[in-house]
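To start, the structure under review is shown below, and the notes come after it.
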Amino acid sequence: MNIGERQLVWSDEFDYSGVPATSKWKYQTGKSGWGNNELQNYTDNSTVADTAIVEDGCLKIKAKYENGEWKSARLNSKQSWKYGIIEARMKITDKKGAWPAFWMMPEKSEYGSWPKSGEIDIMENAPSTNGEHTIFSSLHAEGHYSASPKSIGRKNFGSDLSADWHTISVEWNESQITAYYDGVAQQTYYNDGSGYVNWPYDKPFYIILNLAIGGNLGGTGAASALQSTGTEFLIDYVRVYQ
């Protein structure tokens, strides 16, 4: 990965305080389980910082258990991109019962509903089901999805991910997608030329940052242990280079 050959075309450095910049982010709200039996209600706190707070030079997505309900935040970038390096520096939650993610979805479902139009999971962390101190990266399309995605990275860091900053990115072009953890290449998935069934990754995608609780990967049984303290996912910056 050579960022030096590219220009920074979009970023949020979170060098301000209050709610996330409404010029760059929009909230996705609701408590439908999100197709994965998740517990949280994603709320819109665009006027009063609550579950998505910018302070201390970073974005803090906070999951809270209040009045018998989990509240959290899911932020989508207002802009979309086709190809580039998409990168974030973060302190990853690493708590059983929690499921933070940094990922991308297509701006338009031009090949059809999920998974036909694709999904790019840059970073997921689900200690209840995938092991503590572990992150993983994967791709979903009609030819590979759900329990059988294409892996582009998996690593056990051996210590609490919330204690240190880690830089996670993908390098994405018309022929391949590679995940990078702290600047080190993981795995690469190649465009086999068969079309959208295996490569719907030729359209603009937007960025998502969220902190889910429980569910198929988060671990519903473990979530109760977090009720008294809540948990958080910290993002120092998000950058897009092309």
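Figures for the structure shown
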read-out	value
Residue in the range 81-97 that is free of Cβ contacts under 8 Å to residues at least 40 places away in the same chain and in a strand (DSSP E or B) present	no
Lone qualifier among Ile85, Ile53 - being among the aliphatic types (A, V, I, L, M) and more than 20 Å from Ala212 (Cα to Cα)	Ile85
Scan of the range 195-210 for residues that are part of a loop (DSSP other than H, G, I, E, B) and either among the polar types (S, T, N, Q) or within 15 Å of Leu75 (Cβ to Cβ) (or both), ordered by number	Asn198
Residue in the range 117-145 that is surrounded by the fewest Cβ atoms within 10 Å (Cβ to Cβ), counting only those that are in contact with a strand residue (DSSP E or B) (Cβ under 7 Å, 6 or more places away or on another chain) and in a loop (DSSP other than H, G, I, E, B)	Gly131
Filtered residue count, the range 218-239, keeping only those that are of a type outside the set (S, T, N, Q) and crowded, with 20+ Cβ neighbours inside 10 Å	9
Meets criteria (at pLDDT 95 or above, over 16 Å from Ala63 (Cα atoms) and either part of a loop (DSSP other than H, G, I, E, B) or touching a Phe, Trp or Tyr at 6+ places or on another chain (Cβ under 9 Å) (or both)) for Ser151	yes
Test: residue in the range 155-171 that is surrounded by 22 or more Cβ atoms within 10 Å (Cβ to Cβ) and farther than 24 Å from Lys60 by Cα	no
Tally of residues being out of contact with any helix residue (DSSP H, G or I) (no Cβ under 9 Å at 6 or more places or on another chain) and at pLDDT 90 or above across the range 33-49	3
Which numbered condition Gly183 misses (of (1) under 24 Å from Lys95 (Cβ atoms); (2) under 18 Å from the mean Cα position of the chain (by Cα); (3) surrounded by fewer than 20 Cβ atoms within 10 Å (Cβ to Cβ); (4) in contact (Cβ under 8 Å) with a residue 40 or more places away in the chain)	(1)
Hits in the range 1-20 - residues which are more than 18 Å from the chain's Cα centre (by Cα), modelled with pLDDT of 90 or more and part of a loop (DSSP other than H, G, I, E, B)	Arg6, Gln7, Asp15, Tyr16, Ser17, Val19
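The values are calculated or read from the model by the stated rules, or taken from the named source; none is laboratory data. Everything numeric in this text was worked out from a predicted model, so none of it was measured. Note: ideal-geometry Cβ built from the backbone for every residue, glycine included; neighbour counts use all protein chains shown.
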